[in-house]
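The values are calculated or read from the model by the stated rules, or taken from the named source; none is laboratory data. Note that the structure is predicted; figures quoted are calculated from it, not measured. Counting neighbours? That spans all protein chains shown, and the Cβs are built from the backbone with ideal geometry, glycine included.
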Amino acid sequence: MKFHTRRRVSPVITIVSLVDILTMVLMFFVYTTTFKTLQPQVEIILPEVKSSGAKPAEAAPAILSISDEGKLFLNEKPVEMDALGAAVKALDSGQKLALKADTKAPFGTIMQVLDELKTAGVQDLPAFTRPK
């Protein structure tokens with residue numbers, strides 16, 4: 001007895017339609033990622049290293065302290081809010097200024113100090129903190 005064997009036809013997958021779909025998906029991802037701009041949450045200035053070049057040593061900054069009662073001290077000498085701008089302008093031209101405020105210092109006093117320093121021409125004011 002002779003059985004009739006059917007030839008199996010291998011399945012055919014049309015690759016052209018798959019390539020079209022993958023191209024569209026790829027174009028979507030390319031377009032969406034190129035329009036996305038990075039907006040850093042914190043601006044970071046990278047530290048300098050010894051191999052970048054030697055610079056002369058900088059002078060220690062003048063320290064403006066604000067006590068918990070709201071009293072101001074410039075290099076450990078008491079200063080009034082009205083005389084703060086003149087005292088800052090009287091510092092050496094190359095000397096920088098740094099802020100050291102108590103945790104319980106009144107926020108209003110700190111804002112007044114920042115305003116006075118801004119009108120005195122201070123643009124960069126680092127602040128002292130302590131690690132946890």
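Mind checking which residues of the range 67-100 are among the aliphatic types (A, V, I, L, M) and touching a Phe, Trp or Tyr at 6+ places or on another chain (Cβ under 8 Å)? Break it down into steps so the answer makes sense when it comes.
Of the residues in the range 67-100, the ones among the aliphatic types (A, V, I, L, M) are 72, 74, 79, 81, 83-84, 86-88, 90-91, 97-99.
79, 98, 99, listed by residue number.
How many of the residues in the range 4-26 are outside any loop (DSSP other than H, G, I, E, B) and hydroxyl-bearing (Ser, Thr, Tyr)?
Here is the first cut: in the range 4-26, the residues outside any loop (DSSP other than H, G, I, E, B) are 15-26.
Within this subset, residues satisfying the condition of being hydroxyl-bearing (Ser, Thr, Tyr) are 17, 23.
Adding up the residues that qualify gives 2.
Yes or no, residue by residue, for (1) under 30 Å from residue 124 (Cβ atoms); (2) loosely packed, with under 10 Cβ neighbours inside 10 Å; (3) more than 38 Å from the chain's Cα centre (by Cα); (4) at pLDDT 75 or above:
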residue: 7; (1), (2), (3), (4): no, yes, yes, yes
residue: 10; (1), (2), (3), (4): no, yes, yes, yes
residue: 16; (1), (2), (3), (4): no, yes, yes, yes
residue: 19; (1), (2), (3), (4): no, no, yes, yes
residue: 27; (1), (2), (3), (4): no, no, no, yes
residue: 33; (1), (2), (3), (4): no, yes, no, yes
residue: 37; (1), (2), (3), (4): yes, yes, no, no
residue: 42; (1), (2), (3), (4): yes, yes, no, no
